Amino acid sequence: MALFGNTTEEKETSAAKKASAGLVASKKALVKKESPLATRILSRPRITEKSYALNALNQYVFVVTKTATKKSVKRAVEEAYGVQVEKVRMVRLPAKTRMFGKNMGMKSAIKKAIVSVMKGQSLELFKGGI
């Protein structure tokens with residue numbers, strides 16, 4: 001009997017029971033993989049009302065770097081989320097001037113990618129909804 005919790009033998013047997021039950025494998029399927037390509041290309045998901053409306057059509061919107069191409073975005077999403085990408089559309093939003101009180105400022109330009117995944121697949125990141 002261990003003084004603080006389980007002994008190493010008890011931990012190993014409980015881990016083996018969980019693995020045989022399939023509990024450990026199911027948790028790994030939900031985790032997003034850290035891919036060097038994905039961290040370099042995909043900045044963040046773009047979460048707006050319009051992007052949530054596109055989720056019903058299996059389309060997801062990401063803010064990407066300004067040098068990203070359709071092929072690089074496709075590879076990055078496939079590596080990071082483990083889905084098959086059907087189509088990628090790119091949109092470049094220009095910089096806009098904004099008034100902040102009496103001061104004039106600039107809203108930065110972004111490039112976004114609308115990624116269509118194969119039917120029957122989805123990204124767990126966007127399951128929250130509005």
Whichever residue in the stretch 96-118 is surrounded by 10 or more Cβ atoms within 10 Å (Cβ to Cβ) and outside any strand (DSSP E or B) and, among such residues, is nearest to the chain's Cα centre (by Cα): MET118
Would you check if there is a residue in the stretch 84-91 being polar (S, T, N, Q) and loosely packed, with under 12 Cβ neighbours inside 10 Å? no
Qualifying positions in the stretch 55-70 - surrounded by fewer than 17 Cβ atoms within 10 Å (Cβ to Cβ) and within 16 Å of LEU93 (Cβ to Cβ): VAL63, THR65, LYS66, THR67
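A short reminder: the numbers here are calculations on the coordinates, not readings from a lab. On a predicted model such as this, the values are computed, not experimentally measured, just so you know. Please note: Cβ atoms are built from the backbone with ideal geometry, for glycine as well, and neighbour counts cover all protein chains shown.
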